[in-house]
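Notes to accompany the following structure.
The values are calculated or read from the model by the stated rules, or taken from the named source; none is laboratory data. Since the model is a prediction, treat every value here as computed from it, not as a measurement. As a convention, Cβ positions derive from the backbone with ideal geometry for all residues, glycine included, and neighbour counts pool all protein chains shown. These accessible areas exclude ligands, DNA and RNA; they are computed on the full protein's heavy atoms, side chains included. Shrake-Rupley method; radii C 1.70, N 1.55, O 1.52, S 1.80 Å.
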Amino acid sequence: MTIRRGEPWGEAAVCPTDLRVVATDRDLREWVVWHRARGQSIHDVGVAGGDLARTCGGATGAHPSSAKVMLDVMQVTIDDAEPTWGVAHIVARRGWLRDEVTMVMNAQFFGAYNVAPRSHPNDGKLDVVRVDSAMGWRDRLQARQRARTGTHVPHPLLSTQSVAEVDQRYDRPMVVWIDGVRCGTARRVRVNVEPDAFTAYV
């Protein structure tokens, strides 16, 4: 069951020694895609690093050992291709310092940046951060610096939204990245939440 405000989440646990452990968002995504592409439920997994693990409060290391939690995943459709999946974040952009940027977050963090301070990976929602194409490069550099502490919003040319699904269309093709993997270009990106998709040890 997805988390509700004020409710406890997860339970103290030690990752079983025989469980598969991944160390990055990219590796966790591959685990999810492998199962979903075969129509299988996603097996329990240990997550020892990456932005999703950090969002969950997990410590990075060779073996997770703090908590057992339920996590959502994101089903992603790029133009008319077959759906794929993501776990932490999806980015559509042509450049960081020009044009519009869309970040769909299941995690709170994107590398060193606290992009979506209110994002929770098991609330059945996506946090969408949009950079308006009119935002100049100086403002973008300042916003990037403030994003280290999650203080980049509010800003008149930055918008944030919490939604269950995204259907974003673009006038020109955008490069789409899922969990740090370049997945092609698109004029349309659709993202839906799969709540309570799997159990992870973090």
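Miscellaneous remarks
- Only one of the listed residues (Ala134, Ala116, Ala147, Ala112) is farther than 19 Å from Arg54 by Cα and not hydroxyl-bearing (Ser, Thr, Tyr). That residue is Ala134.
- Figure legend. Inter-residue proximity from region 176-197: first residues in contact (Cβ under 8 Å) with a residue 60 or more places away in the chain and within 18 Å of Ile42 (Cα to Cα), second residues open to solvent by 40 Å² or more (accessible area, probe 1.4 Å) and charged (D, E, K, R), beta-carbon distance below 6 Å, spacing 6+ or different chains. Indicated pairs: Asp179/Arg26; Asn192/Glu165.
- The sole residue among Glu82, Glu165 that is open to solvent by 70 Å² or more (accessible area, probe 1.4 Å), more than 11 Å from the chain's Cα centre (by Cα) and closer than 28 Å to Arg20 by Cα is Glu82.
- Leading residue by the ranking (modelled with the lowest pLDDT) among those in region 158-197 that are in contact with a helix residue (DSSP H, G or I) (Cβ under 7 Å, 6 or more places away or on another chain) and not charged (D, E, K, R): Leu158
- Among residues of region 168-202 being over 17 Å from Thr55 (Cα atoms) and of a type in the set (Phe, Trp, Tyr), the one that is nearest to the chain's Cα centre (by Cα) is Trp177.
- Filter result for Arg130 (under 15 Å from Val176 (Cβ atoms), free of Cβ contacts under 8 Å to residues at least 40 places away in the same chain and not polar (S, T, N, Q)): yes
- Residue within region 178-190 that is hydrophobic (A, V, I, L, M, F, W, C) and over 17 Å from Val76 (Cα atoms) present: no
- Number of positions in region 118-150 that are part of a loop (DSSP other than H, G, I, E, B) and not hydroxyl-bearing (Ser, Thr, Tyr): 14
- Residues of region 92-141 satisfying the condition of being open to solvent by 20 Å² or more (accessible area, probe 1.4 Å), under 19 Å from the mean Cα position of the chain (by Cα) and of a type in the set (A, V, I, L, M, F, W, C): Trp96, Phe109, Phe110, Ala112, Val131
- Test result for Asp171, surrounded by fewer than 17 Cβ atoms within 10 Å (Cβ to Cβ) and part of a strand (DSSP E or B): yes
- Elements of type strands (runs of 3 or more DSSP E) in region 4-113, at least 1 residues being modelled with pLDDT under 95 and farther than 21 Å from Lys125 by Cα: 45-47, 67-78
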